[in-house]
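One structure is given below, encoded as structure tokens.
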Amino acid sequence: KVLVDIFSGDELISDALNLSLEYDDSIYTVVSKMINPDDVGKVDIGSSNHFGGGEEDNAPEEGVEKVNNIINNFNLEEYIGSKKDVKEIFLKRITEMRERLSDKPDRLKAWAKGGAIEGFVKKVFSNFDECRFFMGSSYGEDCDKESMPVVAFWVDEEKHTGETFHIFKDCVREA
């Protein structure tokens, strides 16, 4: 299933990726990876060269510019703004989410003061310079639809192949 932003309608992520829930099941996280853009859509069925593909070569291709799989596959647009600008977007969206979830006390708890969302946002702003922020694909078009920002930062540079992307669970729905 594909998850779309409830504010913009843009596709943000798919459960085909290895999604997990963190922060009291309030934020989807997924580790990205750098890929060859020419390999998008190719499926490795694990047969090596059994179907005439020649010798297997797992070495990185020299001279090929790699792209982030999540940014590339979901056409995310990086939001470049000051800490103040990003904070304004978060405050606006958090206020809207509290209103939207007013009839769902189990979900509203995460968005309340002192809740899981506030804890995550505080962590983001305390490490602001290590974070990148993204909007859905319609951001930057004529209508400039702002989604809830998708936050990306490195969690474990030695273990992971790319930044970990963080998507607010209550801000997406199934397409």
Next item on the list: Would you mind classifying the stretch 79-160 by shape? Square roots of the alpha carbon gyration tensor eigenvalues, ordered a ≥ b ≥ c; an a/c under 1.5 is rounded, otherwise it is prolate if a/b is larger than b/c and oblate if not.
Entry: oblate
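Longer than 22 Å from Cα to Cα, which of Lys84/Lys123; Lys122/Lys169; Lys1/Lys113; Lys84/Lys104; Lys87/Lys169; Lys92/Lys122 are they? Say none if no pair is.
Values: Lys84/Lys123 15 Å; Lys122/Lys169 17 Å; Lys1/Lys113 31 Å; Lys84/Lys104 30 Å; Lys87/Lys169 19 Å; Lys92/Lys122 15 Å.
Pairs exceeding the cut-off: Lys1/Lys113; Lys84/Lys104.
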Checklist line | 12 Å beta-carbon shell around Phe128, net charge (K/R +1, D/E -1) | finding: +3
Notebook entry, point to check: If the cut-off is a Cα-Cα distance under 21 Å, which lysines reach Lys66, setting aside same-chain residues fewer than 8 apart in sequence?
Noted result: Lys33, Lys42, Lys159
Next item on the list: Compute the length gained on full extension between Lys83 and Asp38: take 0.36 nm times their separation in residues and subtract their Cα-Cα distance, giving the result in nm to one decimal.
Entry: 12.7 nm
Checklist line | Charge context of Arg98, other residues only, Cβ under 12 angstrom, K/R +1, D/E -1 | finding: +2
Next item on the list: Find out how many positive minus negative residues lie around Ile117, taking Lys and Arg as positive, Asp and Glu as negative, among other residues whose Cβ is under 12 Å from that of Ile117.
Entry: +3
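Laboratory data are not the source of any read-out in this text; all were calculated from the coordinates shown. What you are looking at is a predicted structure, and each value in this text was computed from that prediction instead of being measured. Note that each Cβ is placed from the backbone with ideal geometry, even for glycine, and that neighbours are counted across all protein chains shown.
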